[in-house]
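Nothing in this text is a laboratory measurement; each read-out follows from the coordinates by a stated rule. Keep in mind that what you see is a predicted model, and the values were worked out from it rather than measured. Note: ideal-geometry Cβ built from the backbone for every residue, glycine included; neighbour counts use all protein chains shown.
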Amino acid sequence: PIPENPAGQETYRLDRAHVFHSWSAQKALDPMVITGGEGSYLFDADGKRYLDFSSQLVYTNVGHQHPKVVKAIQDQAATLATIAPAHANDKRSKAAKLITDVAPEGMNKVFFTNGGAESIENAIRMARLHTGRTKVMSQYRSYHGATHTAIQATGDPRRWANEFVPAGTVHFFGPFLYRSAFNATTAQEECDRALEHLEQMITFEGPGTIAAIVLETVPGTSGVMPPPEGYLAGVRELCDRFGIVMICDEVMAGFGRTGAWFAVDHYGITPDLITFAKGVNSGYVPMGGVIIRDEIAATFDERAFPGGLTYSGHPLAAAAAVATIEAMHEEGVVENAARIGAEVFGPELRAMQERHPSIGEVRGLGVFWALDLVKDRATKEELAPYGGAAPAVTGVLGAAKKAGLLLFNQYHRIHIVPPCNISDAEAREGLAILDEALEVADAAYEG
Ligand code: PLP
């Protein structure tokens, strides 16, 4: 939408003339001009306020313009705006310490990157060098980033156009009872059969060829699917049995999103590598990384790690991470995410499902929720096709936006993923708007 405000119009005009946007046919774009934010809210060029239930791309875990994080970036810019990775720097050292402090026992080192995709690339590089094997197994219904190996490990349609040169990835089905690939009818059946399927995949791919299994602890973009109890422990056992490195991608699920520091905390397992980005510093300055288990780190004690990035552990990003993690501790942000998921989002979204026939399933935990929208609850036919869009879904997004609420959407799903420090009142304000907007989806219900 072209703003009414002249400065906003200029921003819009220059964007359309010169900015090449992600994932899009450029002519079809119509970006919203955003000029400010505060906490759970954003402001457009005409001063209209929006409640941000998307956390942008699910990363502003402490909300917009958190004063402590902004101040830490300002102070660091005034002290030392940049330094090469080979030097030691106080903020980088502190960030690595704070991150490993909240990671599972026995994971004591961090390799810093500039974002999620690079964290996956480097975790896979470590796994390949550690095992001397090349193949990587990953799940359908996953997103791991847009670089060479990360996009080919991805299990959504964005991979299809990116398979220029094979990256050595093989896909398997994870557990997802609502749309079970295994004809399961209970969580236990789904868990058992998904593990049996994975074991067979490993056997037939050749255990001695597989460097890593990479999976999102709780798959995010593909639909917020918390795995059944026992699944991740089963994957851990298979990895141990076959000498495969277990990589848990916590780029989206980490740093409070699920109501725990890391989603693995819910399942009592320790992976070999954890990838992170987004919430580590709420995305105020680009940062990602790999948290490395001691055994894997030891591989590179004597042998050089053949990877690096000019901005690895950039002091502005590291200062933002230190301030974010400290603020999360001081303000009980992780606890807030857990509580609001249990007391507000869980019950309220399930009640919404009773009122709206188009909601086939409600899934999630913490501040990480998805509504699976269907044309018919009996057939579970999606309200928009896999990889595509439909007016019934874009209509919900449009109605919500008009009423001042920004949502996250993929295909037939709407995700409710606000900042982890959202208040009860804000959460309820957004849910009331969503409740009305869902009437657009109900109108397309055919069941
Ligand atoms: N891994 C997961 C689970 C993600 O959700 C994302 C981004 O959405 C990525 C990796 C890629 O991160 P980035 O876009 O920072 O490269």
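With a 10 Å cut-off between alpha carbons and a GNM built on the chain, which of V58, V102, V333 moves the most? For the chain, modelled as a Gaussian network with Cα springs under 10 Å, the answer is V102.
The Cα atoms of the chain give a gyration tensor whose axes a ≥ b ≥ c have a/c of 1.5 or more with a/b no greater than b/c, which makes the shape oblate. In this structure, the amide hydrogen of G366, modeled 1.01 Å from its nitrogen in the peptide plane, lies closer than 5 angstrom to those of G341, A342, counting only residues at least 5 positions away or on a different chain. Modelled this way, with points 7 Å down the Cα-to-C-beta line, the labels at D435 and D376 are 3.0 nm from one another.
Here the calculated FRET efficiency for E163 and S22, from their Cβ-Cβ distance with R0 = 22 Å, stands at 0.75, rounded to the nearest 0.05. Springs between Cα atoms under 10 Å define the GNM used for the chain, and in it the highest mean-square fluctuation of W369, W23, W160 occurs at W23.
In this Cβ point-charge picture (+1 for Lys and Arg, -1 for Asp and Glu), the chain has a dipole of about 1020 debye about its Cα centre.
So which of K109/K278; K48/K68; K71/K109; K375/K402; K27/K135; K71/K278 end up more than 30 Å apart by C-alpha? Please report the intermediate quantities before stating the final value.
Values: K109/K278 19 Å; K48/K68 25 Å; K71/K109 27 Å; K375/K402 24 Å; K27/K135 38 Å; K71/K278 19 Å.
Over 30 Å apart, Cα to Cα: K27/K135.
Counting only aspartates and glutamates at least 8 places from K97 when in the same chain, those with an alpha carbon closer than 16 Å to its own are E105, D294, E326. Between G313, G145, G268, the Gaussian network model of the chain with springs among Cα atoms under 10 angstrom shows the greatest mean-square fluctuation at G268. With semi-axes defined as the square roots of five times the eigenvalues of the C-alpha gyration tensor, the equivalent ellipsoid of region 154-222 measures 23, 17, 10 Å, largest first.
Restricted to Cα atoms, region 170-311 shows a radius of gyration and a Dmax of 16.1, 50 angstrom.
DSSP bridge analysis restricted to the chain gives an antiparallel fraction near 65%, rounded to the nearest 5.
Mean residue ellipticity at 222 nm from the helices of the chain, using -39,500 (n - 2.57) per DSSP H segment of n ≥ 4 over the full residue count, to the nearest 500 deg cm²/dmol?
-11500 deg cm²/dmol
One-quarter of the Cα convex hull surface for region 67-331, in nm²? Before the final figure, lay out the partial values.
On the way: hull surface 56.1 nm².
That works out to 14.0 nm².
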